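> Here it is, the structure, as structure tokens.
The values are calculated or read from the model by the stated rules, or taken from the named source; none is laboratory data. These numbers were taken from a predicted model, which means no experiment stands behind them. Counting neighbours? That spans all protein chains shown, and the Cβs are built from the backbone with ideal geometry, glycine included. In case anyone asks, the SASA skips ligands and DNA or RNA and just uses the protein heavy atoms, side chains included. Shrake-Rupley method; radii C 1.70, N 1.55, O 1.52, S 1.80 Å.
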Amino acid sequence: MEIFTYLEKYDYEQLLFCQDKQSGLKAIIAIHDTTLGPALGGTRMWTYESEEAAIEDALRLAKGMTYKNAAAGLNLGGGKTVIIGDPKKDKNDEMFRAFGRYIQGLNGRYITAEDVGTTVADMDLIHEETDFVTGISPAFGSSGNPSPVTAFGVYQGMKAAAKEAFGSDSLEGKTVAVQGVGNVAYTLLKYLHEEGANLIVTDINKDAVQRAVENFGARVVNTDEIYGVECDIYAPCALGAVINDQTIPQIKAKVIAGSANNQLKDPRHGDQIHEMGIVYAPDYVINAGGVINVADELYGYNRERAMKKVEGVYNTIEKVIEIAKRDGIPTYLAADRMAEERIERMRNSRSQFLQNEKHILNRRK
Ligand SMILES: NC(=O)C1=CN([C@@H]2O[C@H](COP(=O)(O)OP(=O)(O)OC[C@H]3O[C@@H](n4cnc5c(N)ncnc54)[C@H](O)[C@@H]3O)[C@@H](O)[C@H]2O)C=CC1
Ligand SMILES: CC(C)CC(=O)C(=O)O
């Protein structure tokens, strides 16, 4: 990859490589756009096939955060970190402390939180070195683990998409195929089970699948069978690029609504599912609950206020569907337009993000 060509093409502001030999830290922080405010996005720890794959993931995820935060109405820009390593084997306290110092060095241009492979305990270690971290332990006045709140937002967005596809937002009796039964999906399954949905699940982790069977009566399928199962709603809740040339011909669902980031392998896959009449709830709109929740920490965290805002994911999905119908475009494009228009309006009145006391996480103390 020609890095500067890529950065220029998609208008990235900054890409940082952070290395600490002692702890084994190899982190990549990507800051896409800070027009709306400091870049807020989680830290993913993953075993990447190559350094190039890690860079690409950081860049794609950071751009996704710009759009997510803009579409959610947050005054925040987009950034993301990936740490190269196995979250089950390669973590140590010094690694997250070293990473925290790198974040501190950015002086508020980037604020982090959890993502796949990182936990509240990891955020607490980062917090030893910097205040520019959210989703730390509630004992610090923080919001804690964002995953259950992300799940609540996905549940709301799924209902709004179901309303469009089936004429009612009730999920009772609907069959939902959930791919990945991790932190977000587990709580999502709980909401769906409580509403009387039939559940089909898959995961590479057998224990995770077993929990879903025991607690929610879910039926299990193999990981490669989930795309083609008979269902009303397909909920991708594992990793990205799952809507692609191989999977699209198998999909029987009328709605795609799940938490995974970057679900479309390429934009043209969004066009294809639109042509098939599938109601697609754009990933970064439906999964914004977590970031809406952690962003509330900037105002002194208030759980009730945060949950009220997350409930708004229902209305945002409705709005995206409305724009798509009005303009005769797929929902992924409608969401992009909505986000880009908001950023453009702000860009016209202010350019680069400038640190001020509003962005310092001192009010939660
Ligand atoms: N945690 C959060 O608050 C947010 C998460 N997301 C996105 O939602 C997705 C899930 O996040 P979490 O639940 O936090 O992650 P997680 O790591 O807890 O769960 C992911 C699950 O997917 C499973 N998995 C991995 N590869 C698979 C495959 N090929 N087939 C089936 N299952 C597979 C894993 O075993 C794991 O159980 C990710 O894409 C994440 O970026 C997006 C917004 C916020
Ligand atoms: C997990 C969130 C708090 C932020 C994030 O990185 C995301 O929404 O993908």
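> Using 7 Å Cα-to-Cβ label points, what is the Arg101/Glu51 separation (nm, one decimal)?
That separation, rounded to one decimal, is 2.1 nm.
> Multiply the residue separation of Arg337 and Ala241 by 0.36 nm, subtract the distance between their alpha-carbon atoms, and state the gained length in nm to one decimal.
This chain segment gains 32.4 nm when fully extended.
> For the chain, give the percent of accessible area contributed by carbon and sulfur heavy atoms, probe 1.4 Å, rounded to a whole number.
Percent of accessible area from carbon and sulfur atoms in the chain: 47.
> Helix 206-216 versus the longest principal axis of the chain: what is the Cα-based angle in degrees, 0 to 90, to the nearest 10?
Orientation of helix 206-216: about 60 degrees from the principal axis.
> Just the number, please: Stokes-Einstein D of the chain in µm²/s, Kirkwood Rh from C-alpha pairs, 4 °C, 1.567 mPa s.
63 µm²/s
> Let me ask something additional. So which trypsin sites (Lys or Arg not before Pro) in the range 61-94 end up in coil per DSSP with only 11 or fewer other C-beta atoms within 10 Å?
Sparse-neighbourhood loop trypsin sites (Lys or Arg not before Pro): Lys88, Lys89.
> Further, regarding this structure: Helix 147-166 versus the longest principal axis of the chain: what angle, 0 to 90°, nearest 10, using Cα atoms?
Result, in degrees: 40.
> I've got another one for you. If I model a spin label at Arg347 and Asp11 as a point 7 Å from the Cα along the Cα→Cβ vector, what separation in nanometres do I get?
0.2 nm
> With a 1.4 Å probe and all protein chains left in place, how much accessible area per residue does the range 40-195 have, in Å²?
35 Å²
> Express the relative contact order of the range 16-150 as a whole percentage, based on alpha carbon pairs under 8 Å and six or more residues apart in sequence.
Once divided by the residue count of the range 16-150, the mean separation gives 26 percent.
> Sequence gap at least 6, Cα distance under 8 Å: using those rules, report the relative contact order of the chain to the nearest whole percent.
17 percent
> A follow-up question, please. Among Thr187, Thr223, Thr66, which one shows the highest mean-square fluctuation when the chain is modelled as a Gaussian network with alpha-carbon springs under 10 Å?
Looking only at Thr187, Thr223, Thr66, the biggest GNM fluctuation is shown by Thr223.
> A further question follows. Please list, by residue number, every one of the chymotrypsin sites (Phe, Trp or Tyr not before Pro) in the range 1-81 that is coil in DSSP and has at most 16 other beta-carbon atoms within 10 Å.
Those that pass, being in a loop and sparsely packed, are Tyr10.
> Looking only at GluC sites (Glu not before Pro) in DSSP loops with at most 11 other Cβ atoms within 10 Å, what is the longest site-free stretch of the chain?
231-365
> Give the relative contact order (percent, whole number) for the range 120-241; include only Cα pairs under 8 Å separated by 6+ residues.
Reported as a whole number, the value is 22 percent.
> Could you tell me which chymotrypsin sites (Phe, Trp or Tyr not before Pro) in the range 97-144 are loop residues by DSSP with no more than 11 other beta carbons within 10 angstrom of their beta carbon?
Those that pass, being in a loop and sparsely packed, number zero.
> Here is the link list: Lys21/Lys91; Lys159/Lys319; Lys159/Lys309; Lys190/Lys309; Lys159/Lys308. Which ones come out longer than 18 Å on Cα distance?
From the list (Lys21/Lys91; Lys159/Lys319; Lys159/Lys309; Lys190/Lys309; Lys159/Lys308), the Cα-Cα distance tops 18 Å for Lys190/Lys309.
> Which angle from 0 to 90°, rounded to the nearest 10, does the C-alpha axis of helix 313-327 make with the longest principal axis of the chain?
That helix lies at roughly 70 degrees to the long axis.
> Give the aspartates and glutamates whose C-alpha is closer than 14 Å to that of Lys80, dropping any in the same chain fewer than 8 places away, or say none.
Those aspartates and glutamates meeting the cut-off are Glu13, Asp33, Glu56, Asp57, Glu114, Asp115.
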